[in-house]
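The values are calculated or read from the model by the stated rules, or taken from the named source; none is laboratory data. Everything numeric in this text was worked out from a predicted model, so none of it was measured. Here Cβ is always computed from backbone atoms with ideal geometry, including for glycine, and neighbour counts include all displayed protein chains. These accessible areas exclude ligands, DNA and RNA; they are computed on the full protein's heavy atoms, side chains included. Shrake-Rupley method; radii C 1.70, N 1.55, O 1.52, S 1.80 Å.
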Amino acid sequence: MKGILGIITLCMTILLAGEAYADEPIKITITDKSHETQFDGKWTFISEWKGTTETKMYDGDGSLVLRIAHMDGFFYILIDYLTDITYHHIADMAIVCFDGFDTSTMADESDWCYTVSRESGNGHTLRGGSPLYQTSHFNLVKNHPDFVAYGGTSDESDRYVLTPHAAYEFRIPIEQIGFQDEYGFFIQVFDGNDVKTYPKEFSGKFPQKIPSPAKWGKLISPDHSISDWLKSISSK
């Protein structure tokens, strides 16, 4: 219980950040392999995340890799924090945010964030629209019944590093955010008091801020497979 309250407190006390420029957009692909994913916060077998888009988010130090794809109306996301080899209770965690439909300077109801701490299978959902500046205008809301998040320790089956290190897996229902081919996108990963983000400009030392959605990066589906999937379901 203390761990859950700590996560909620951390998420709800994040403030807005200042000016910055986004990194290059992250591309997402469609896959037919994600049904094999085992949500345990690690590479369970070497081909588990095959078919997902790979983005090495910190090429300079090789510390953070994002694997992402969509299938059957869900985002599948792995954040592999290769250099986080120490465990900080509650302080190790990951946040993934999406801005659907419109981009605003203040988080509104089209903005969603999903978070989970390391060594936990209890993720949480935040939605924009709060009037409170102190919470970055996000509210803690009930999880979608199909939402899954797990933080853990990846090791001998990891594609990149065999030394035990932090990893975070998410399955996020796209219907909650909205089916489209471009989103505002933000990632924040904590290694104790060290923070890495996409866009990188918001990285630094804890406590770190979630920026205004207008400052987030982009997640794009170049082949329009997200919107095409919705059309194919709607036509049935």
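Scanning the range 171-208 for residues that are in a loop (DSSP other than H, G, I, E, B), under 16 Å from THR83 (Cα atoms) and touching a residue at least 12 places away in the same chain (Cβ under 8 Å) yields GLY192, ASN193.
Check the range 74-84 and report whether any residue there is modelled with pLDDT of 95 or more, open to solvent by 10 Å² or more (accessible area, probe 1.4 Å) and over 20 Å from ASP194 (Cβ atoms). Checked the range 74-84: at least one residue is modelled with pLDDT of 95 or more, open to solvent by 10 Å² or more (accessible area, probe 1.4 Å) and over 20 Å from ASP194 (Cβ atoms). The residue that is modelled with the highest pLDDT, counting only those in the range 134-153 that are farther than 28 Å from ASP84 by Cα and touching a Lys or Arg at 6+ places or on another chain (Cβ under 6 Å), is VAL141. Taking the criterion of being open to solvent by less than 30 Å² (accessible area, probe 1.4 Å), among the hydroxyl-bearing types (Ser, Thr, Tyr) and within 18 Å of the chain's Cα centre (by Cα), the residues of the range 134-160 that qualify are SER136, SER154.
For the range 108-133, the tally of residues that are under 25 Å from ASP80 (Cα atoms) and open to solvent by less than 70 Å² (accessible area, probe 1.4 Å) stands at 14.
Being open to solvent by 40 Å² or more (accessible area, probe 1.4 Å), in a loop (DSSP other than H, G, I, E, B) and modelled with pLDDT of 80 or more is a condition met by at least one residue of the range 16-29.
Going by what's in this entry, would THR163 be described as part of a strand (DSSP E or B) and either at pLDDT 95 or above or not aromatic (Phe, Trp, Tyr) (or both)? No: the conditions fail for THR163.
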